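Below: the structure, in structure tokens.
The values are calculated or read from the model by the stated rules, or taken from the named source; none is laboratory data. None of these values were measured; they are calculated from a predicted model. Cβ sites come from the backbone with ideal geometry, for glycine too, and all protein chains shown count toward neighbours.
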2 protein chains.
Amino acid sequence: MASLQDIGVAAAINILSAFVFFLAFAVLRIQPINDRVYFPKWYLRGLRNSPTHSGALVSKFVNLDFRSYLRFLNWMPAALQMPELHLIEHAGLDSAVYLRIYWLGLKIFVPIAFLAFAILVPVNWTNGTLEHSNVTFSNIDKLSISNIPPGSERFWAHLVMAYVFTFWTCYVLQKEYATVASMRLRFLASEERRPDQFTVLVRNVPPDPDESISELVEHFFLVNHPDHYLTHQVVYDANKLTKLVEEKKKMQNWLDYFQLKYSRNKSKKPSMKTGFLGLCGDKVEAIDFYTSKIDQLSKDIEAEREKIRKNPKSIMPASFVSFKTRWGAAVCAQTQQSRNPTIWLTEWAPEPCDVYWHNLAIPFISLTVRRLVIAVAFFFLTFFFMIPIAFVQSLANIEGIEKAAPFLKPIIDVKFITSLIQGFLPGIALKIFLILLPTILMMMSKFEGFISLSALERKSAAKYYLFIFVNVFLGSIITGTAFQQLNTFIHQSANEIPKTIGVSIPMKATFFITYIMVDGWAGIAGEILRLKSLIIFHLKIFFLVKTEKDREDAMDPGSLGFNTGEPQIQFYFLLGLVYAVVTPILLPFIIVFFGLAFVVFRHQIINVYNQEYESAAAFWPDVHGRIIAALIISQLLLMGLLSTKGAAQSTPLLIALPILTIWFHRFCKGRYEPAFIRYPLQEAMMKDTLERVRDPNLNLKGYLQSAYIHPVFKGDDDDDIDTITKDCEQESELVPTKRHSRRNTPVPSKYSGSSPSSLPEVVQEEP
Amino acid sequence: MASLQDIGVAAAINILSAFVFFLAFAVLRIQPINDRVYFPKWYLRGLRNSPTHSGALVSKFVNLDFRSYLRFLNWMPAALQMPELHLIEHAGLDSAVYLRIYWLGLKIFVPIAFLAFAILVPVNWTNGTLEHSNVTFSNIDKLSISNIPPGSERFWAHLVMAYVFTFWTCYVLQKEYATVASMRLRFLASEERRPDQFTVLVRNVPPDPDESISELVEHFFLVNHPDHYLTHQVVYDANKLTKLVEEKKKMQNWLDYFQLKYSRNKSKKPSMKTGFLGLCGDKVEAIDFYTSKIDQLSKDIEAEREKIRKNPKSIMPASFVSFKTRWGAAVCAQTQQSRNPTIWLTEWAPEPCDVYWHNLAIPFISLTVRRLVIAVAFFFLTFFFMIPIAFVQSLANIEGIEKAAPFLKPIIDVKFITSLIQGFLPGIALKIFLILLPTILMMMSKFEGFISLSALERKSAAKYYLFIFVNVFLGSIITGTAFQQLNTFIHQSANEIPKTIGVSIPMKATFFITYIMVDGWAGIAGEILRLKSLIIFHLKIFFLVKTEKDREDAMDPGSLGFNTGEPQIQFYFLLGLVYAVVTPILLPFIIVFFGLAFVVFRHQIINVYNQEYESAAAFWPDVHGRIIAALIISQLLLMGLLSTKGAAQSTPLLIALPILTIWFHRFCKGRYEPAFIRYPLQEAMMKDTLERVRDPNLNLKGYLQSAYIHPVFKGDDDDDIDTITKDCEQESELVPTKRHSRRNTPVPSKYSGSSPSSLPEVVQEEP
């Protein structure tokens, strides 16, 4: 077991690597050539122009102002300065609320850490159990519950603290839920007019032999919502067309690349091979080849588009129905339309950018089958994923490779390469699997049939959290594969399981501390460097970019990645809550993680990330539910641990804790969750009335008519290559902004915040 | 263990006692004097007049037509003759669907029994395991799975049968759910105009310092449902008034009794004592005493009524809001009204008779606390109810009584009385508890705050089923109190529990067979006799009845009692499904129960019971869910049993069964449950349109104005004593009936059934 010294060394290494990352970031960030990598958000919002336009040639690429190197950490206070209201306006509510998860971690764990250090650490430290026993121990263990002799009266302190921590966590959670719910409602209320406020997605339109789907939808809603129905948009099955458009875009990229190459070296026309990866096949002239390819694709696209328009079979049995008022839409979204509850299913339309078009036409029965299939598949993925990996590992040995590819034998026989393969290949299968895991989980969620990107990310996050819980948390505590654990648990009694896990918990504290430092500290610091984006951006700039627009396209701002990020945060909540009573020394490490991550992600959200969609914090019930789950797990494990410590008289008192926590969860669910699912009629009516007064001559039909057209149909001209990806970004640019762009640094806006005195002078510092 | 002969003897005894009950019923039923006990339903519907009005004096009381004694079982075919559509019209959908539960039992178990006897019984019988072993066994066991040697290939037959039985059960369940859902929708659609179609109950109206609740409700709905709001009815806190009215009614009863006594014997004015139970206190003249009491109460009632009308504090923060159209009400009931999801809670108003007025004013937070309290209380009631009973039993011994009441010593010292107390008292505490249990569970549900009688009965039924499952099913299989079981289960591993129970199951078959015969066969036969109602009716006739109206009041038709009846049926489903594969010999006994109960309850529903409310079969999702639960329990127990039988290769194949069953449940829930919770807008719009055409000048406001007045306010004249209980019955009498009353036998109606050829000539036979 690691001693305090070992931990100290590990901490030093990780702090150093975090420092190196920050330093590298500080240097790279202020180079004008990297400006689009580290500040893409401002470009996308149109608030920043390329710094390479003016000035001397050198200063176009390298920052020569040496004073700016001295202030290399001053992005941190800058990131914290932008007030929340402004942040919501700047980056959307999703991002602002996402940051609140880190902040919530601080709010929960800072007071808990103070209390634990003031009370539990002295209680643990002043025992001599470990010193008088023969087991090896470290100073870390002297601070933990392991140092208390069995049957001691001191366990009462831990019991009381478990209650205090639970009540504090629930209190903070409840406050936070209330705040987020009211933020969401305020955001929805203060929003400009948006198409999704008036629109409902209707699915499973029943087939009718006499009427087309469009007529059917119109008649149904004219009959059943006569005073409110306005118009509707049918949904086309444009999956093939999308594929063609994407294909064309790829070809266009290659064409650009060869044209640039040719323009630089006019002497030689670039050529290429048509086969696999350009390695084999006939040699052709590249520019001609791609030009003809693109022409062919353009024709195909036109034909496919025509086909979709004319063929009634490409109209899917789903439709976006718009209403005259928000009230009408709110009513339709919340009610059952038809006798048969599996047809005419209505729900709020997602934001146009948030729609996952592929899944709009799945019928009800297929949906229930898909859920079952995925539930079973996910179970096997979680508990048996080691089996295929072990199989791959057994194949990927030297003998296997030699047998499969005898011509490689001379290379493999080299000693160095043999040992590389032996040491590297088994690990790489697992590593590849873990890198692919979020993608696999996302594919599973897509197969399940959710119809918005936000829902897909939420469901993937739930799956990822379960996977982490089983394979990282339980897997680290009880060594062995998940399947072995499952087997153990099935053969153990219900109250043995918390004991088995609970007993191992104090012993694993040092492991988790190093885990937090590597994954949390250095990992987060690495995030800010955006190494991958940096390299890809410069490659693109070098090979592809001709115009300013290309330069814009080369930026890859990325987004928050709720499906991978949130489960990782939740893992820290779980560790913190589990170890708060058992080994409080772990808490400061978690607090550092939350603090660091808060600053880093706040910076990234302000300067880098560009959210694809805006779900108005629809993910908060999930976040809340998982923290509650972590709380209950921590309580059960503490019960298991204490029951082995001979604290028989105090353990039963802990039973009330999970019951109270579950009840608290149900209370919060009833009190706040509807704000995330439904849209109150009072609110809708208020906005309708206001709008009627303010804008009596509004042509709503014109406004809504083309809001929910499939993105490939939007730009019907030759520009359509960009429409798919650019569409939503363009829309966000249309939001009127009160800022004006300035050379390199955006000026602070005169936004109508509630506290004008707290406005920061300069929101983003001068580089 | 009981042999086949023992079972035969027990069956003979129980068949005999059932036969005796039927015989007694046949004789008592055709006596004119009992007519109101055995045919109250017809009186209440106004289709039958007192048979004692005409004819000779003797034949008024005793049936002298000896031919009618010969046909003593002909009520059975008569009960089966009324077609279902007619039954719905006659007794309501609730009763008709309740009967379908028994019919469902037959549909599930008759084919299963045939299959089991054709395949499993030969498979089990042709083994010699038990004969070659040393354990004692009976012929029953030779038919069961116990007779198969461990590790035999024959277990494949049981495995396949488990799949076949599950699929058959699910198939029947799905068909039945679809049928009931469409029956419910058809019933709701074909119904006459009813106030609850237009009315929504709004609860948790937030307090407002400037406006009264009535004004607040009006303004809120005028603003948020401007096109649909019609009127509203505030809810008064009339619990005290109700108590006073009930008190007056009791006094009136006593006054009637003494006046009747006086009119029979004019020589002596009746007197009574004012103290406890009329045993002690001052002696007063009874008629004067009660007259003055009633006068006093009448004044109190008037004052209280005035007070409620004038005092704004007696208006509860709840209201019945009526809309101009069914569409408007359907919209309001299904949507969220306000930003804060805990105020302005709307839901469908229950039928006026179905409202449980007492609970209308419980605020949201109090509701969640109450649910928690009841959940904990119910847990303790289920697992620890033996503790207080054991305590009472320990008190109720001879020494305790002698100490508490020394003056009883001479009596107690008599040998006979001693042994009576010793043998009787301990048992009676448990018996009293079990008799009181449904009442206790109903009180718990009331405390939880449900607002309609139907919901109260449903929730009580769920609790009662859990209690029966733990204490009767598990309690019989694993002997010991529920608490001991709980303790065992906690200390056992998750896959040991089904093994422990599964192994004991075949051994308990004979016990459950005798249980079915006593509780199911004889109990159901006893139900038809209505002994309690018979005695009370004749006592009332003798002591109280003066007028025809009194005679009507003396009838106690009773009702189905969903909260006690349904869990008992469910217990038979559980037994049948658990034993279908293990000991198929049990199935015929269950089939007899279902058949007998179907006939008996059909007769009772046609002739006796008068449902208090009509929930349009809202209970079916509960029924369905509990059968699914029984199915899953049976599968888990079979897995446990097989895994101890050395059938290792076949047991894992059973794991798919519970997963498929749970999935099937979720599918049914999504497909059919909305029909029981929501009201489709299409339906509402259709009825609205029809009504607008048919009845364009309808004064809906006048129709709805007083529909939801608290029953004590309805009759404002002196008649108010009866209003509470009579109100709903009167309403049901207002339903226009196409029948005309005839002396003793109702004529068949010319109802518009779908198959006129199947009309029975005489629905109810001539006595």
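Annotations for the structure displayed:
- A count restricted to the range B:436-461 and to residues that are more than 14 Å from residue B:381 (Cα to Cα) and of a type in the set (A, V, I, L, M) stands at 5.
- When A:331, A:321, A:369, A:284 are checked against the criterion of being within 14 Å of another protein chain (Cβ to nearest Cβ) and surrounded by fewer than 19 Cβ atoms within 10 Å (Cβ to Cβ), a single residue qualifies: A:369.
Matching residues to (1) among the hydroxyl-bearing types (Ser, Thr, Tyr); (2) modelled with pLDDT of 80 or more; (3) within 30 Å of residue A:459 (Cα to Cα); (4) assigned to a helix (DSSP H, G or I):
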| site | (1), (2), (3), (4) |
| --- | --- |
| A:623 | no, yes, yes, yes |
| A:636 | no, yes, yes, yes |
| A:639 | no, yes, no, yes |
| A:645 | no, no, no, no |
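- Positions within the range A:339-366 being aromatic (Phe, Trp, Tyr) and at the interface with chain B (Cβ under 10 Å from one of its Cβ atoms), in sequence order: A:344, A:364
- Residue selected from the range B:218-241 under the condition within 30 Å of the chain's Cα centre (by Cα) and surrounded by fewer than 17 Cβ atoms within 10 Å (Cβ to Cβ), by the criterion nearest to the other protein chains (Cβ to nearest Cβ): B:239
- Helices (runs of 4 or more DSSP H) lying entirely in the range B:150-245 (those with 3 or more residues that are in contact with a strand residue (DSSP E or B) (Cβ under 9 Å, 6 or more places away or on another chain) and under 22 Å from residue B:707 (Cβ atoms)): B:195-198, B:213-224
- Some residue of the range A:200-217 being buried (at least 20 other Cβ atoms within 10 Å of the Cβ) and modelled with pLDDT under 80: no
- Looking only at the range B:669-702, and only at residues there that are surrounded by fewer than 17 Cβ atoms within 10 Å (Cβ to Cβ) and of a type in the set (Asp, Glu), the one that is farthest from residue A:329 (Cα to Cα): B:695
- Number of the exception - residue A:631 against (1) within 14 Å of another protein chain (Cβ to nearest Cβ); (2) at pLDDT 80 or above: (1)
- Any chance residue B:456 is surrounded by fewer than 20 Cβ atoms within 10 Å (Cβ to Cβ) and in a helix (DSSP H, G or I): no
- Every test in (1) at negative phi; (2) within 13 Å of chain B (Cβ to nearest Cβ) is passed by residue A:208 save one, and that test is (2).
- Residue in the range B:118-144 that is modelled with the highest pLDDT, counting only those that are assigned to a helix (DSSP H, G or I) and in contact with a Ser or Thr (Cβ under 7 Å, 6 or more places away or on another chain): B:124
- For the range A:658-698, the set of residues classified as of a type in the set (Val, Ile, Thr), more than 11 Å from chain B (Cβ to nearest Cβ) and over 29 Å from the mean Cα position of the chain (by Cα) consists of A:693 only.
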